[in-house]
Amino acid sequence: MQTPNDAIDQLDGKLIRLLSEEPRIGVLECSRRLQVARGTVQARLDRLQSRGVIGGFGPQVDPAAIGYPVTAFATLEISQGQGVDVRAHLTSVPEVLELHTITGQGDMLVRIVARSNADLQRVIDRVVGFDGIVRASTAIALENPVPFRVLPLVDQAAREQTAREQAAREQASQDRLHDTRTGA
């Protein structure tokens, strides 16, 4: 369940979109474009960062652009009680970009990259060459028609918060009107 502290409003959404589209923009320019005070932008940024909504301002690196054009996903089954050790092992493999624990057929889903299909075999061998990993199933990504994105989700969250706030204002207004009519 979402709490009021988890919500982002329209200004948060606009700020996140602006920073996503122009990551080098400064706080002062953000405030000018959003038509709010510089202190407001800085306070919003600080709050969004402290809550983990904004995780960083670093560059987004495309693995293909640095020589790793092959992307694959490996579903791993691990031995009971080996989760911590397997995580440490996978963290040591530079080609492992992401690791998720999952439900279903496997225990972990790993996104890996490689320089070629032949190099992918080397990466897979390194990933599964650990005693805690019982079995692996790998699928090679052919294309990425919807790359990782969060802005549509940010926009939706901001719209939903605005709608909740509007509904609360309307309810408060109706309650005041009812109290005035009933003499409460």
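Counting heavy atoms of the protein chains alone, residue 101 has an accessible area of about 90 Å² for a 1.4 Å probe. Accessible surface of residue 32, taken over heavy atoms with a 1.4 Å probe and every protein chain present, rounds to 150 Å². Applying 1/(1 + (r/R0)^6) with R0 = 41 Å to the Cβ-Cβ distance of residue 175 and residue 50 gives a FRET efficiency near 0.75. Match the structure shown to one of the listed values (i) 21.5; (ii) 17.3; (iii) 20.4 of Kirkwood radius over Cα pairs in Å, computed from it, and give that label. Identified label for the calculated read-out: (iii). Pull out a ≥ b ≥ c, the square roots of the eigenvalues of the alpha-carbon gyration tensor of the range 32-87, then state rounded if a/c is under 1.5, prolate if not and a/b is larger than b/c, and oblate in the remaining case. Here the range 32-87 falls in the oblate category.
In nm, to one decimal, how far is the modelled label at residue 102 from the one at residue 57, with both set 7 Å along Cα→Cβ? For the pair residue 102/residue 57, the computed spacing is 3.6 nm.
Computed extension gain for residue 92 through residue 9, at 0.36 nm per residue and net of the alpha carbon distance, reaches 26.0 nm. For the pair residue 125 and residue 139, the difference between a 0.36 nm per residue extended length and the Cα-Cα distance amounts to 3.6 nm. Annotation: extensible slack from residue 167 through residue 153 equals 2.9 nm (criterion: 0.36 nm per residue apart, minus Cα-Cα distance). To put it simply, the accessible area of the range 69-153 at a 1.4 Å probe is 53 percent carbon and sulfur. A probe of 1.4 angstrom, applied to the heavy atoms of all protein chains, finds residue 178 with accessible area near 110 square angstrom. Taking 7 Å steps out from each Cα toward its Cβ at residue 64 and residue 117 produces label points 1.7 nm apart. Placing dummy labels 7 Å off each Cα toward the beta-carbon, the span from residue 42 to residue 82 is 5.2 nm. Here's the picture: charge each Lys and Arg Cβ at +1 and each Asp and Glu Cβ at -1 in the chain, and of 173, 60, 156 the one pushed furthest to the positive end of that dipole is 173. Each stretch of four or more DSSP H residues adds -39500 (n - 2.57); spread over every residue of the chain, this sum gives -15000 deg cm²/dmol at 222 nm. Show me the GluC sites (Glu not before Pro) within the range 131-184 that DSSP assigns to loop and that have at most 11 other Cβ atoms within 10 Å of their Cβ. Here the GluC sites (Glu not before Pro) that fit, given the DSSP loop and packing criteria, are 143.
Annotation: per residue accessible area for the range 1-154 equals 65 Å², rounded to a whole number [probe 1.4 Å, protein chains only].
The values are calculated or read from the model by the stated rules, or taken from the named source; none is laboratory data. Note that the structure is a prediction, hence the values are computed from the model and not measured. Cβ: placed from backbone, ideal geometry, glycine included. Neighbour counts: every protein chain shown. Accessible surface areas use protein heavy atoms only, side chains included; no ligands, DNA or RNA. Shrake-Rupley method; radii C 1.70, N 1.55, O 1.52, S 1.80 Å.
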